[in-house]
């Protein structure tokens, strides 16, 4: 049994590959030869994982992958336990349907990272694409649990149709954050794009930078939300985010909405000096 299973690309990837088999819990029962036989998909063509990666180690739920993986999709899809560390950027659907464990992406993540996630931690060092922590297009529900941290910026419709869990963006978020949220938490330390919180039912959207509140929200009050202070403390002490010292005592304008839906959601916009 190895402490860590390492996979290194044999050659640059020149067209999209789908490698959904790289879930640490699935590799924990396999030796090196068994891992090499797992399937990777080049369109409809099945190829052995060992043709794509040099593989060292086996029988461990700690996995490290290196190489330019921007054209490699579905890394960590469906993982339930263990640790998967990707040293660079990844393609689409990283951590989709993730239910447990830790997936760390050392670069950027493309469209649909954390799609329909139900548990675990997805930590992205760079930027994230559209539909982070959301549901598939036209799906009734998106993310239903777990925690997503993006240390850069994120694209449009983060947390769309999410039901539970937390999405944190240290930079700026694109338009329509929290679109159709059922519940859950979206926290943006930078600014949020237009139409944040449209059709929000019971979700909480917290924005430290600028946010344009839709007209279907009503101003309720200005206060210091205790749950924001707790979340900020967690992000600083347990996730290592560089958060200003005054963030835990910040005051927020609370807007209730979306009145086009149940009206039980909220947008919290920082008010003190921002």
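Each of 16, 97 was scored by other Cβ atoms within 10 Å of its Cβ. Listed from fewest to most, they are 16, 97.
Note on residue 251 and residue 272: their simple-model spin labels are 0.8 nm apart, each label 7 Å out from Cα toward Cβ.
Relative to the present Cα-Cα distance, how much length would full extension add between residue 14 and residue 227 at 0.36 nm per residue of separation? Before the final figure, lay out each step's value.
Details: separation 213, 0.36 × 213 = 76.68 nm, distance 4.57 nm.
Full-extension gain reported as 72.1 nm.
Computed over all pairs of different Cα atoms, the Kirkwood value for the hydrodynamic radius of the stretch 111-270 is 14.9 Å.
If you rank 261, 157, 32 by fewest surrounding Cβ atoms within 10 Å, what's the result? Display every interim value, and only then the final one.
Numbers: 261 18, 157 26, 32 14.
Lowest count first: 32, 261, 157.
Going by a ≥ b ≥ c, the root eigenvalues of the Cα gyration tensor, does the chain fall in the rounded group (a/c under 1.5), the prolate group (a/b larger than b/c) or the oblate group? Since a/c reaches 1.5 and a/b is larger than b/c, the shape of the chain is classed as prolate.
Find how many whole Å separate the alpha carbon centroid of the stretch 157-235 from the alpha carbon centroid of the stretch 38-62. Result: 38 Å between the Cα centres.
For a modelled paramagnetic label at residue 54, 7 Å from Cα along Cα-to-Cβ, the residues of the stretch 4-25 in reach, with backbone nitrogen under 18 Å, are 4-13. Could you tell me whether the stretch 44-114 comes out rounded, prolate or oblate from its Cα gyration tensor? Rule is a ≥ b ≥ c as square roots of the eigenvalues, rounded for a/c under 1.5, then prolate if a/b exceeds b/c, otherwise oblate. Since a/c stays below 1.5, the shape of the stretch 44-114 is classed as rounded. Were the residues from residue 47 through residue 137 laid out at 0.36 nm apart, the gain over their Cα-Cα distance would be 29.5 nm. The simple Förster model, with R0 at 45 Å and r as the Cβ-Cβ distance, assigns residue 237 and residue 32 a FRET efficiency of 0.75. Among 14, 96, 80, 222, the order by Cβ neighbours within 10 angstrom, fewest to most, reads 14, 222, 80, 96.
Just so you know, all these numbers are worked out from the coordinates, no wet-lab data involved. If you're wondering where the values come from, they're calculated on a predicted model, not measured in any experiment. Methodologically, a virtual Cβ is constructed for each residue, glycine included, from the backbone with ideal geometry; neighbour enumeration extends over all protein chains shown.
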